[in-house]
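**Q** Take this structure, written in structure tokens, and hold onto it; I'll ask about it next.
The values are calculated or read from the model by the stated rules, or taken from the named source; none is laboratory data. Not measured: the values here are computed from a predicted model. For neighbour counting, all protein chains shown are included, and Cβ atoms are generated from backbone atoms with ideal geometry for every residue, glycine included. Note: accessible area is taken over every heavy atom of the protein model, side chains too, but ligands, DNA and RNA are not part of it. Shrake-Rupley method; radii C 1.70, N 1.55, O 1.52, S 1.80 Å.
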Amino acid sequence: MAANPSNGAPGHPHGEQRDEGHHASHHHDDHPHESGHDHDHGHGPRTRTARLRHRLGHLLTPHGHQAADRTDAALETSREGMRTLWISLAVLGVTALAQAVVVAVSGSVALLGDTVHNVADALTAIPLGIAFVVGRRAADRRYTYGYGRAEDLAGIVIVVVIAVSACVAAYTAFDRLLHPRDVDHLWAVSVAALVGFAGNEWVARYRIRTGRRIGSAALVADGLHARTDGFTSLAVLLGAGGAALGWRAADPVVGLLITVAILFVLRDAAREIYRRLMDSVDPALVGAAEDALRAVPGVRGTGQVRLRWIGHALRAEADIVVDPHLTVVRAHALAVAAEHALIHAVPRLTAATVHIDHTPLGAHHDPHAALAHHTG
């Protein structure tokens with residue numbers, strides 16, 4: 001909801017009159033700030049020193065009030081995510097190819113399981129890349145929040161790919177237990193295992209670093225997945241060592257252990273995607289948002305505060321309590337101040353809708369009485 005002027009004058013960007021103190025609220029997209037805005041209309045520091053410090057802070061860490069600024073930032077994070085995906089895809093592709101050659105020569109089922117897992121991890125870049133491209137599309141009248149949820153759909157595809165890789169690794173290991181076969185070229189298997197570890201650890205570091213910088217939970221999770229793949233590559237060394245000592249079943253047993261490791265990754269990935277689909281956020285972010293709202297001069301309390309991820313960005317909805325005798329103009333200024341405080345306090349927050357409520361005018365006055373029959 002957008003805050004409205006008390007006179008509802010035509011030509012004002014909000015255009016219609018509402019009951020002051022109840023539905024005065026503010027949305028970042030509906031009330032763009034002008035460039036060079038000095039933030040003095042009720043949502044910035046009041047003293048001259050504080051204002052100067054605040055402006056210097058904007059110069060050092062600008063947060064882009066205008067919708068165009070936020071769009072540019074979203075495009076840039078998507079480009080960075082795409083660059084990370086394709087580079088990591090190339091690295092993992094080369095790693096998996098090198099391992100596949102050794103699998104063909106040695107017949108190691110443990111190395112085969114690790115290779116399949118690495119291929120699956122590399123292929124997860126494709127749905128994520130598609131999600132990044134789709135997520136760049138602007139919001140429209142059908143998808144009013146934009147297309148950021150495409151990343152969550154990509155997460156479902158990633159979970160399915162991990163599950164399939166676990167099935168392939170398990171089937172191959174059980175088949176080798178039932179039909180034992182010696183592993184050849186153990187030195188090559190050991191080298192391939194080390195190559196797999198090095199490639200996955202590099203990709204893990206790259207994906208996690210980029211994911212945290214752009215706010216992509218899926219990319220961070222994919223990086224953690226790659227790190228686990230690296231440790232499963234090291235497990236192949238155990239199979240090669242056992243085979244060198246004459247334990248014929250060492251290779252398929254390690255293949256089964258790798259399957260178990262893949263299942264643990266599957267559990268963690270599925271849990272992350274489930275939480276994202278259910279609009280789960282870190283409770284500490286909600287606490288930070290509430291503290292920021294209470295610190296705004298003129299805000300007497302807070303009501304419900306809700307956060308949700310839309311792709312790489314957070315959106316917020318918050319209720320604040322103010323003096324019931326404020327003008328609509330002043331209530332709107334407080335809504336702007338509250339949104340401004342939220343943007344600074346909550347990382348990756350790009351937009352907030354602030355609902356203005358007021359303290360009761362009397363013991364029997366309920367400003368929400370008209371809505372009572374709609375709520376449980």
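**Q** What number goes with the only condition from (1) farther than 15 Å from Val265 by Cβ; (2) outside any loop (DSSP other than H, G, I, E, B); (3) open to solvent by 40 Å² or more (accessible area, probe 1.4 Å) that Val119 does not pass?
**A** Condition (1) is where Val119 drops out.
**Q** Please specify each residue of region 333-366 satisfying the condition of being touching a strand residue (DSSP E or B) at 6+ places or on another chain (Cβ under 7 Å) and open to solvent by 10 Å² or more (accessible area, probe 1.4 Å).
**A** To start, the set of residues in region 333-366 that are touching a strand residue (DSSP E or B) at 6+ places or on another chain (Cβ under 7 Å) comprises 334-336, 338-339, 342-343, 346, 348-359.
Once the filter is applied, which keeps residues that are touching a strand residue (DSSP E or B) at 6+ places or on another chain (Cβ under 7 Å) and open to solvent by 10 Å² or more (accessible area, probe 1.4 Å), region 333-366 yields Ile343, Arg348, Leu349, Thr350, Thr353, His355, Asp357, His358, Thr359.
**Q** Turning to a different aspect of this structure: Within region 346-373, how many residues turn out to be among the small types (Gly, Ala, Ser) and not in a helix (DSSP H, G or I)? Walk me through it before giving the result.
**A** First, the residues of region 346-373 that are among the small types (Gly, Ala, Ser): 351-352, 362-363, 369-370, 372.
Imposing the further condition that a residue be not in a helix (DSSP H, G or I) reduces the set to 351-352, 362-363.
Result for region 346-373: 4.
**Q** For residues that are under 22 Å from the mean Cα position of the chain (by Cα) and at pLDDT below 80, scanning just region 159-178, find the one that is least open to solvent (accessible area, probe 1.4 Å).
**A** Taking the candidates together, the pick is Ile162.
**Q** Restricting the search to region 189-232, which residues are of a type in the set (A, V, I, L, M, F, W, C), at pLDDT 85 or above, under 22 Å from Gly135 (Cβ atoms) and open to solvent by less than 10 Å² (accessible area, probe 1.4 Å)?
**A** The one that is of a type in the set (A, V, I, L, M, F, W, C), at pLDDT 85 or above, under 22 Å from Gly135 (Cβ atoms) and open to solvent by less than 10 Å² (accessible area, probe 1.4 Å): Val203.
**Q** Now, a different point. Does Ile310 qualify as being open to solvent by less than 20 Å² (accessible area, probe 1.4 Å) and under 25 Å from Leu285 (Cα atoms)?
**A** Judged against the criteria, Ile310 is not a match.
**Q** I would also like to ask the following. Determine which single condition Trp247 fails, assuming it passes every other condition in (1) touching a Phe, Trp or Tyr at 6+ places or on another chain (Cβ under 9 Å); (2) outside any helix (DSSP H, G or I); (3) at pLDDT below 80.
**A** Failed condition: (1).
**Q** Turning to a different aspect of this structure: Could you count how many residues in region 320-345 are in contact with a helix residue (DSSP H, G or I) (Cβ under 9 Å, 6 or more places away or on another chain) and assigned to a strand (DSSP E or B)?
**A** 2
**Q** Spot the failing condition for Arg275; the list is (1) more than 30 Å from Val134 (Cα to Cα); (2) open to solvent by 70 Å² or more (accessible area, probe 1.4 Å), and only one is missed.
**A** Going through the list (1) more than 30 Å from Val134 (Cα to Cα); (2) open to solvent by 70 Å² or more (accessible area, probe 1.4 Å), Arg275 breaks only (1).
**Q** While we're on this one: Do the conditions hold for Ser216, that is, is it of a type in the set (Gly, Ala, Ser), under 18 Å from Thr115 (Cα atoms) and touching a residue at least 40 places away in the same chain (Cβ under 8 Å)?
**A** Numbers: of a type in the set (Gly, Ala, Ser): yes; under 18 Å from Thr115 (Cα atoms): no; touching a residue at least 40 places away in the same chain (Cβ under 8 Å): yes.
No, not satisfied.
**Q** So, one more: Exactly one condition in (1) within 17 Å of Asp222 (Cα to Cα); (2) of a type in the set (D, E, K, R); (3) modelled with pLDDT under 80 is false for Arg83; which is it?
**A** Failed condition: (3).
**Q** For Asp291, indicate whether it is among the charged types (D, E, K, R), assigned to a helix (DSSP H, G or I) and open to solvent by 20 Å² or more (accessible area, probe 1.4 Å).
**A** Values: among the charged types (D, E, K, R): yes; assigned to a helix (DSSP H, G or I): yes; open to solvent by 20 Å² or more (accessible area, probe 1.4 Å): yes.
Yes, satisfied.
**Q** Let me ask something else about it. Right, Ile258: in a helix (DSSP H, G or I), under 30 Å from Phe174 (Cβ atoms), among the aliphatic types (A, V, I, L, M) and open to solvent by less than 30 Å² (accessible area, probe 1.4 Å) or not?
**A** Working: in a helix (DSSP H, G or I): yes; under 30 Å from Phe174 (Cβ atoms): yes; among the aliphatic types (A, V, I, L, M): yes; open to solvent by less than 30 Å² (accessible area, probe 1.4 Å): yes.
When the stated conditions are applied, Ile258 passes them.
**Q** Only residues that are of a type in the set (Gly, Ala, Ser) and in contact (Cβ under 8 Å) with a residue 12 or more places away in the chain: list them for region 268-293, please. Full working, then the answer.
**A** Just the residues of region 268-293 that are of a type in the set (Gly, Ala, Ser), to begin with: 269-270, 280, 284, 287-289, 292.
Passing the criteria: Ala269, Ala270, Ala288, Ala289, Ala292.
**Q** With respect to the numbered conditions (1) buried (at least 18 other Cβ atoms within 10 Å of the Cβ); (2) in a loop (DSSP other than H, G, I, E, B); (3) of a type outside the set (Phe, Trp, Tyr); (4) modelled with pLDDT under 80, which one is the sole condition not fulfilled by Gly148?
**A** Here Gly148 meets the rest and fails (4).
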